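Presented below is the structure to which this report refers.
The values are calculated or read from the model by the stated rules, or taken from the named source; none is laboratory data. The structure presented is a predicted model; accordingly, all values stated were derived computationally and were not measured. All Cβ positions, glycine included, derive from the backbone under ideal geometry; neighbour counts span all protein chains shown. We work out accessible area using only protein heavy atoms, side chains counted, and drop any ligands, DNA or RNA first. Shrake-Rupley method; radii C 1.70, N 1.55, O 1.52, S 1.80 Å.
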Amino acid sequence: QVQLVESGGGLVQAGGSLRLSCTASGRTFSMYAMGWFRQSPGKERDFVAAISSRSGDTYYADSVKGRFTITRDNAKNTVYLQMNSLKSEDTAVYYCATGARPYNDYARYDYWGQGTQVTVSS
């Protein structure tokens, strides 16, 4: 059974930083792409960032490009999302997901974590 567990969310002031982690179990982590999405109340689940399985190619939503960095440590079965220069509009529940490719479409991912709340105060 595949499980993804996020951590690292919290309350931070605008301009601050947070690092989210997502640890996977139940499948060969290094063989799958990983993605981060976020969702605010009443809104769609939006793509944030993704990283490919082997080459580590990264992809970002325009809204976070230059501020967020996705990385992965295959030895630890963990993907990270470093978030800098946070803005109030970054407030959301952040989810990690695993899939065959680094898609920006949430419907194409197979498994999801439970989410972690990020709140940015202005």
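Here are the numbers for the structure shown:
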item: Nonlocal amide H pairs with G16, under 5 Å, H built at 1.01 Å; result: L86
item: Candidate residues K65, K87: accessible-area rank, largest first, probe 1.4 Å; result: K65, K87
item: Accessible carbon and sulfur surface of the chain relative to its total accessible area, %, 1.4 Å; result: 43
item: Area of E89 that stays accessible when all protein chains are in place (1.4 Å probe, Å², to 10); result: 120
item: Accessible surface, the stretch 3-86, averaged per residue in Å² (probe 1.4 Å); result: 50
item: Whole-Hz ³J(HN,Hα) from phi, Karplus 6.51 cos²θ - 1.76 cosθ + 1.60, for the stretch 70-77, glycine and proline x; result: 9, 9, 9, 10, 5, 5, 9, 6
item: J(HN,Hα) series, the stretch 18-23, from Karplus relation 6.51 cos²θ - 1.76 cosθ + 1.60, nearest Hz, glycine and proline x; result: 9, 10, 8, 10, 9, 9
item: V5 paired with Q117, simple spin-label distance in nm, labels 7 Å along Cα-to-beta-carbon; result: 2.0
item: Two-decimal log10 I(q)/I(0) for the chain, as the Debye equation yields it once each C-alpha is a single scatterer, q = 0.18 Å⁻¹; result: -0.85
item: Probe 1.4 Å - accessible area at M31, Å² to nearest ten; result: 100
